[in-house]
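The numbers here are math on the coordinates, done by the rules we state, and not lab data. A quick note: this is a predicted structure, and the numbers were derived from the prediction, not measured. A quick note on method: Cβ atoms are made from the backbone with ideal geometry, for glycine too, and the neighbour counts reach across all protein chains shown.
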Amino acid sequence: MQVLRAPDRAEGGVDPQAMADLIRRHCPRLVCVTHVPTNSGLVQDVGAVGSVCSDEGVLYLVDACQSIGQMQVDVHQLRCDFLSATSRKYLRGPRGAGFLYVSDQVLQRGLEPLFIDMKGADWIAADRYRAVPDAKRFENWEFAWALVLATGEAARYATPVGLEKIRDRVWALAGRLREALGAIDQVRVLDRGSELCGIVSAVIDGCDPHELVVALRERRINTSAQIRVYAVIDYEEKGVTASLRLSPHYYNTEAEIDEAVSAIRELLRERV
């Protein structure tokens, strides 16, 4: 098996044209794209890649773990064959649960998971099984039903709020945060791309991100530390080994954004 990586555009994010050239040259079995990476606010042009894959008849998988819950995600517009997501993060569901979309085309082609669980097929003869006709063939027999129910509740909570409203609010707060952090001399905001979402990543001179997470948590500000092994290629290109990630959601306020920035300024002054 060979894994090929498409180059990025100069402004950041996968280059759909370069991806198209690779697809036509190598005829891959599957194309995989992450909608939003874990360590950056970049929003990839997954729709453009989906158009290429559809035209070339190549199976297409989108990792939507970071985008589900903070923006509209339409599998038909993306033209993807698979879409995977987690319940936690912006959907605000429970940890340990997630979901997978599988297209009708995948089922028509007779694709099955590598390991079929009891729910995915029927034993019809001594040496034969028959996969169930729908996407349940990709499900497990055992479920943590409390987590499944909680995932549904999280989706029902977000839907009436409106994904467009959530996106606009989240992205506006993140933009405010990037602008304020970028005005601090010791801070370098790492996010780049033509479209940026709610994830804000930054490097702060002389500060270990893990220590910052602890210090900010003492001030009741929740952040996370991202390390090199989460995004080796991206971090090498940016010349960093770790970063601080801040991810505002629609329930946050402008005052809380400003408070987080003020706390970072204060921590920097304490280190002088």
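Check cross-link reach from K165 to the lysines: straight Cα distance under 29 Å, and skip same-chain residues fewer than eight apart.
K89
To test your reading of the geometry: what angle, between 0 and 90 degrees and rounded to tens, separates the Cα axis of helix 46-56 from the longest principal axis of the chain?
Rounded to the nearest ten degrees, it is 30.
Which of the chymotrypsin sites (Phe, Trp or Tyr not before Pro) found in the stretch 217-256 are loop residues per DSSP with 15 or fewer other Cβ atoms within 10 Å of their Cβ?
Those that pass, being in a loop and sparsely packed, are Y251.
Within a Cβ distance under 14 Å of N222, other residues only, what is the Lys/Arg minus Asp/Glu net charge? Working shown, then result.
On the way: positive: R88, K89, R92, R217, R219, R220, R245; negative: E218, E256, E259.
Summing Lys and Arg as +1 and Asp and Glu as -1 gives +4.
Nearest-5 percent of antiparallel DSSP beta bridges in the chain? Before the final figure, lay out the partial values.
Values: 21 of 30 bridges.
Taking every DSSP beta bridge within the chain, about 70 percent pair in antiparallel fashion.
If the only charges are +1 at each Lys and Arg Cβ and -1 at each Asp and Glu Cβ, what is the size of the charge dipole of the stretch 16-161 around the Cα centre, to the nearest 20 debye?
240 debye
Taking the Cα centre of the stretch 163-271 as origin and charging only Cβ (+1 Lys, Arg; -1 Asp, Glu), how large is the dipole, in debye to the nearest 20?
I would put it at about 140 debye.
Count the DSSP beta bridges whose two residues both fall in the stretch 16-161, then state the antiparallel fraction as a percent rounded to the nearest 5.
Antiparallel bridges: around 50 percent, rounded to the nearest 5.
In nanometres, what is the gap between the two model label sites at R95 and E164, each 7 Å from Cα along Cα-to-Cβ?
3.5 nm
5 Å is the cut-off here: which amide hydrogens, built 1.01 Å from N in the peptide plane, fall below it relative to L111, excluding neighbours closer than 5 in sequence?
HN-HN under 5 Å from L111: empty list.
How big is the gap, in Å, between the Cα center of the stretch 228-268 and the Cα center of the stretch 8-57?
26 Å
GluC sites (Glu not before Pro) within the stretch 230-272: which are DSSP loop residues with at most 16 other Cβ atoms inside 10 Å?
Working: sites: E236, E237, E254, E256, E259, E266, E270; in loops: none.
Taking the stretch 230-272 and a limit of 16 other Cβ atoms within 10 Å, no loop GluC sites (Glu not before Pro) are found.
Can you work out the Karplus-derived ³J(HN,Hα) for every residue in the stretch 128-140? Use 6.51 cos²θ - 1.76 cosθ + 1.60 with θ = phi - 60°, whole Hz, and x for glycine or proline.
Per-residue couplings from phi come out as 9, 9, 10, 5, 5, x, 10, 5, 4, 5, 9, 8, 8 Hz.
Output ³J(HN,Hα) for the stretch 154-161: one whole-Hz value per residue in order, computed from phi by the Karplus curve 6.51 cos²θ - 1.76 cosθ + 1.60 with θ = phi - 60°, and x for Gly and Pro.
4, 5, 5, 6, 6, 4, x, 4
Work through the residues other than L173 whose Cβ is under 13 Å from its Cβ and net out their charges, Lys, Arg +1 and Asp, Glu -1.
Spelling it out: positives minus negatives among the neighbours equals -1.
Of (i) -0.24, -0.61, -1.38; (ii) -0.31, -0.73, -1.30; (iii) -0.24, -0.59, -1.25, which is the value of log10 I(q)/I(0) by the Debye sum over Cα atoms at q = 0.07, 0.11, 0.16 Å⁻¹ derived from the coordinates here?
Computing log10 I(q)/I(0) by the Debye sum over Cα atoms at q = 0.07, 0.11, 0.16 Å⁻¹ and matching it to (i) -0.24, -0.61, -1.38; (ii) -0.31, -0.73, -1.30; (iii) -0.24, -0.59, -1.25 gives (ii).
Treating only the Cβ of Lys, Arg, Asp and Glu as charged (+1, +1, -1, -1), what charge dipole size does the chain show about its Cα centre? Round to the nearest 20 debye.
360 debye
Using the alpha-carbon atoms, what tilt in degrees (0 to 90, nearest 10) does helix 254-271 show relative to the longest principal axis of the chain?
Between the helix axis and the principal axis of the chain, the angle is about 60 degrees.
Could you check the spin-label model distance between E256 and K119? Points 7 Å from the Cα along Cα→Cβ, value in nm.
It is 3.3 nm.
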